[in-house]
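Structure first, commentary second.
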Number of protein chains: 2
Amino acid sequence: MADYAIGVDLGGTNLRAAAISRDGKMLGKVAGAIPVNGGRDAVISDMVRSVETLRDGLSGQNLAGVGVGMPGFIMLESGVVSVAPNLPGFENFAVRDAIEKRLGTTVILENDANSAALGEKWMGAGRGTGDLVLLTLGTGIGGGIIVNGRVLHGVLGMAGELGHITVSPNGYPCGCGNNGCVEKYASATAVSAMAQLLNLGQGLSSEEVFHLAKGGNERARLIFDTVGEALGILLGNLINTFNFPLYLLGGGLTAAWELFEPAMKKELTHRSFIYRNNPPRVERAALGGDAGLYGAARLPLENN
Amino acid sequence: MADYAIGVDLGGTNLRAAAISRDGKMLGKVAGAIPVNGGRDAVISDMVRSVETLRDGLSGQNLAGVGVGMPGFIMLESGVVSVAPNLPGFENFAVRDAIEKRLGTTVILENDANSAALGEKWMGAGRGTGDLVLLTLGTGIGGGIIVNGRVLHGVLGMAGELGHITVSPNGYPCGCGNNGCVEKYASATAVSAMAQLLNLGQGLSSEEVFHLAKGGNERARLIFDTVGEALGILLGNLINTFNFPLYLLGGGLTAAWELFEPAMKKELTHRSFIYRNNPPRVERAALGGDAGLYGAARLPLENN
């Protein structure tokens, strides 16, 4: 039986990796910027080096394998990333085989939002629960769905595209081709866009808008009401669909939880009779940016 | 190993039961009106008699048990129906134990929409597929979700309340307390209500509106465009959530499939990039009113 696994979180700008024991203790962690200008091979070499650094520090212990969480659509069986908007050169490339060959250990790929959901289930706010949904409110909105303790993948690994649920049928256009996707109303990007529409300032970050709202700026508060309403419609739909016991919200925008929670809960109460009569837990995720590391490391441990 | 099982479909007005072999052959079927005025005990006696009639006709064969599909929220572990709007006297009553005691065989309860989804998966349009969603377009809209070949229940057996997904946030009020539930736009009841709003006639059935539309009535055709648009939003959301290979539509309103399909597919194309790039099957269910009988019979066979 393996002692530990290594989880990698490959973002658009950063690469982080952690060695995590079978019982969920973090044994070591490395992080750094991605060598974006070096191209795909430089990124892969960087990832391999990070894993080797962690493995060398734990010699004598038995490695189950490496899990890699990354943005994009992962073809699980082939280990190919079919769409990877933030990682040039990775599209339709057999990432898994390339890393596996260099490391000589099992490598499992997973979408980053799914990894985070699995991490929260394993060692975060979802401990003791087999079924949950995690929404990650960042640049966009990512979704991960856990059913019976496992990630729900769907036929092509595209399940959980919850940022593209329609909450306003004639609403803002989305890059996906739809109008009124929830991520046009409740992501960090949406908060900045709304601040611009309300003349709060050009190029304000969601964090700056958050501080304006906390300081009592009425227009900034309206923005977080809008965030809450959109999340309430989304969560109402999810609760009526899944009847799960737990729905978690993670990502940078949850720093503003206290600002959007009232509108979110009010909307949820309106939208879902299941929520009104048998309210599930709707809470902040617990592991922050480490959720994806825990989840990625969990993957090779699941069957090992 | 058991040879067959009996599936019961307990509706608000009719009770039907069928004996179905392990390999999915219908061996016998009984149907009749429910003795509504006799109260709960009369309904239960009727159900027991139907099962006994079928069992007596198959003496010598080994019965796995009885599955009962019925409207309402079923508490699976206790075998109690917590909400049963169309069956007076059944609410919070231990239906399963009452029937089990009289029949002396295993009884499993299931929500009727879930039974129908399981039936389609077993012997209908979902054969060979482990994951599907069935929408039943009737008086309301019922939903059943099959994951890895099994019904998705959620914590309280309330998963799949897909008729109450919001497709128009400020839309028509629904009895569930929400505004703009899909069943206010795409059920038989909604078609009749829209016909009244368009002055097509008082008290027209959805079938009558269908015939008007087929005959070229422009306002009647508009109604089915509305049906299709609402279904397209719902299905787009479901496809982005599940990435399943198959979505089935059943129920009386699917007689108008050719009328609402164009608007539904157009809306779906707009709403879901997964549908545009990797279209799953979106089709009519195959078993009609028998889907629930097959699914209910399947329940005791699953573990027997």
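The values are calculated or read from the model by the stated rules, or taken from the named source; none is laboratory data. From a predicted model like this one, the values you see are computed outputs, not experimental measurements. Positions of Cβ are generated from backbone atoms using ideal geometry, with glycine treated the same way; all protein chains shown enter the neighbour counts.
Quick check on region A:156-174: of everything there that is small (G, A, S) and under 12 Å from B:F242 (Cα atoms), which residue is nearest to the other protein chains (Cβ to nearest Cβ)? So that I can check it myself, show each step before the final result.
Narrowing region A:156-174 to residues small (G, A, S): A:157, A:159-160, A:163, A:168, A:171.
Adding the requirement that they be under 12 Å from B:F242 (Cα atoms) leaves A:157, A:159-160.
Values: A:G157: 7, A:A159: 4, A:G160: 7 Å.
Filtering first and then ranking leaves A:A159.
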Region A:132-155, subset over 25 Å from A:G252 (Cβ atoms) and either surrounded by 24 or more Cβ atoms within 10 Å (Cβ to Cβ) or of a type in the set (G, A, S) (or both), residue farthest from the other protein chains (Cβ to nearest Cβ): A:G149
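Only one of A:R96, A:R127 is basic (K, R), away from chain B (no Cβ under 14 Å) and either under 17 Å from the mean Cα position of the chain (by Cα) or under 28 Å from A:P245 (Cβ atoms) (or both); which?
None of the others qualify; the one that does is A:R127.
Within region A:205-213, can one find any residue that is farther than 19 Å from A:L162 by Cα, in a helix (DSSP H, G or I), in contact with an Asp or Glu (Cβ under 9 Å, 6 or more places away or on another chain) and more than 14 Å from chain B (Cβ to nearest Cβ)? Before the answer, list the steps.
Taking region A:205-213 and keeping what is farther than 19 Å from A:L162 by Cα, we get A:205-213.
Pick out the ones that are also in a helix (DSSP H, G or I) and you get A:206-213.
Still in the list and also in contact with an Asp or Glu (Cβ under 9 Å, 6 or more places away or on another chain): none.
No, region A:205-213 has no match at all.
Starting from residues that are hydroxyl-bearing (S, T, Y) and within 14 Å of another protein chain (Cβ to nearest Cβ), keep the ones in region A:253-283 and report whichever is farthest from A:E110 (Cα to Cα). Don't jump to the end; show me each part of the working.
Step one: filter region A:253-283 for residues hydroxyl-bearing (S, T, Y), giving A:254, A:269, A:272, A:275.
In the following step, the residues that additionally are within 14 Å of another protein chain (Cβ to nearest Cβ) were identified as A:269, A:272, A:275.
On the way: A:T269: 34, A:S272: 31, A:Y275: 31 Å.
Result: A:T269.
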Residue in region A:75-95 that is more than 30 Å from B:N179 (Cβ to Cβ), buried (at least 19 other Cβ atoms within 10 Å of the Cβ), modelled with pLDDT of 95 or more and touching a strand residue (DSSP E or B) at 6+ places or on another chain (Cβ under 7 Å) present: no
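Consider A:N243 carefully, then state whether it is over 24 Å from A:G289 (Cβ atoms) and within 14 Å of chain B (Cβ to nearest Cβ). Step through it out loud before you land on a result.
Values: over 24 Å from A:G289 (Cβ atoms): yes; within 14 Å of chain B (Cβ to nearest Cβ): yes.
Considered against the rule, which asks whether it is over 24 Å from A:G289 (Cβ atoms) and within 14 Å of chain B (Cβ to nearest Cβ), A:N243 comes out as yes.
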Any hit, region B:164-172, residues being in a loop (DSSP other than H, G, I, E, B) and farther than 19 Å from A:K266 by Cα: no
Residue in region B:284-300 that is within 14 Å of chain A (Cβ to nearest Cβ) and under 21 Å from the mean Cα position of the chain (by Cα) present: no
Flag for B:E229 being surrounded by fewer than 24 Cβ atoms within 10 Å (Cβ to Cβ) and either more than 14 Å from chain A (Cβ to nearest Cβ) or without any contact (Cβ under 8 Å) to a residue 12 or more places away in the chain (or both): no
Single unsatisfied condition, B:N111 versus (1) touching a residue at least 60 places away in the same chain (Cβ under 8 Å); (2) in contact with a strand residue (DSSP E or B) (Cβ under 7 Å, 6 or more places away or on another chain); (3) within 14 Å of chain A (Cβ to nearest Cβ): (1)
Criterion (touching a Pro at 6+ places or on another chain (Cβ under 9 Å) and surrounded by fewer than 16 Cβ atoms within 10 Å (Cβ to Cβ)) met by exactly one of B:A31, B:A42: B:A42
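From A:G7, A:G38, A:G11, grab the single residue that is of a type outside the set (A, V, I, L, M) and at pLDDT 95 or above. Spell out how you get there, then give the answer.
Numbers: A:G38 fails: at pLDDT 95 or above; A:G11 fails: at pLDDT 95 or above.
The match here is A:G7.
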Which numbered condition A:A255 misses (of (1) within 18 Å of the chain's Cα centre (by Cα); (2) surrounded by 24 or more Cβ atoms within 10 Å (Cβ to Cβ)): (2)
Subset of region B:69-112 (residues that are basic (K, R) and either touching a Phe, Trp or Tyr at 6+ places or on another chain (Cβ under 7 Å) or more than 21 Å from B:R150 (Cβ to Cβ) (or both)): B:K101, B:R102
Pairs where the first residue, in region A:91-104, is under 12 Å from A:V66 (Cβ atoms) and the second is assigned to a loop (DSSP other than H, G, I, E, B), C-beta under 6 Å, 6+ apart: A:R96/A:G79
Single residue of region A:115-128 satisfying the filter (in contact with a helix residue (DSSP H, G or I) (Cβ under 7 Å, 6 or more places away or on another chain) and not aliphatic (A, V, I, L, M)) that is farthest from A:G65 (Cα to Cα): A:G126
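Restricting attention to strands (runs of 3 or more DSSP E) lying wholly within region B:94-161, give those where 1 or more residues are assigned by TED's automatic domain parsing to the domain that holds B:L76.
On the way: elements: B:107-111, B:132-137, B:141-147.
Because the criterion is at least 1 residues that are assigned by TED's automatic domain parsing to the domain that holds B:L76, the strands (runs of 3 or more DSSP E) in region B:94-161 that meet it are B:107-111.
Would a scan of region B:21-28 turn up a residue that is among the acidic types (D, E), out of contact with any Asp or Glu (no Cβ under 9 Å at 6 or more places or on another chain) and modelled with pLDDT of 95 or more? Walk me through how you get there before you give the answer.
First pass over region B:21-28, keeping only residues among the acidic types (D, E): B:23.
Then drop every residue that is not out of contact with any Asp or Glu (no Cβ under 9 Å at 6 or more places or on another chain), which leaves B:23.
The next check asks that each one be modelled with pLDDT of 95 or more; those that pass are B:23.
Checked region B:21-28: at least one residue is among the acidic types (D, E), out of contact with any Asp or Glu (no Cβ under 9 Å at 6 or more places or on another chain) and modelled with pLDDT of 95 or more.
Return yes or no: is B:N179 surrounded by fewer than 17 Cβ atoms within 10 Å (Cβ to Cβ) and either touching a His at 6+ places or on another chain (Cβ under 8 Å) or within 11 Å of chain A (Cβ to nearest Cβ) (or both)?
Working: surrounded by fewer than 17 Cβ atoms within 10 Å (Cβ to Cβ): yes; either touching a His at 6+ places or on another chain (Cβ under 8 Å) or within 11 Å of chain A (Cβ to nearest Cβ) (or both): yes.
Considered against the rule, which asks whether it is surrounded by fewer than 17 Cβ atoms within 10 Å (Cβ to Cβ) and either touching a His at 6+ places or on another chain (Cβ under 8 Å) or within 11 Å of chain A (Cβ to nearest Cβ) (or both), B:N179 comes out as yes.
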Tally, over region B:28-50, of residues that are under 21 Å from B:Y4 (Cβ atoms) and either in contact with a helix residue (DSSP H, G or I) (Cβ under 6 Å, 6 or more places away or on another chain) or among the hydroxyl-bearing types (S, T, Y) (or both): 4
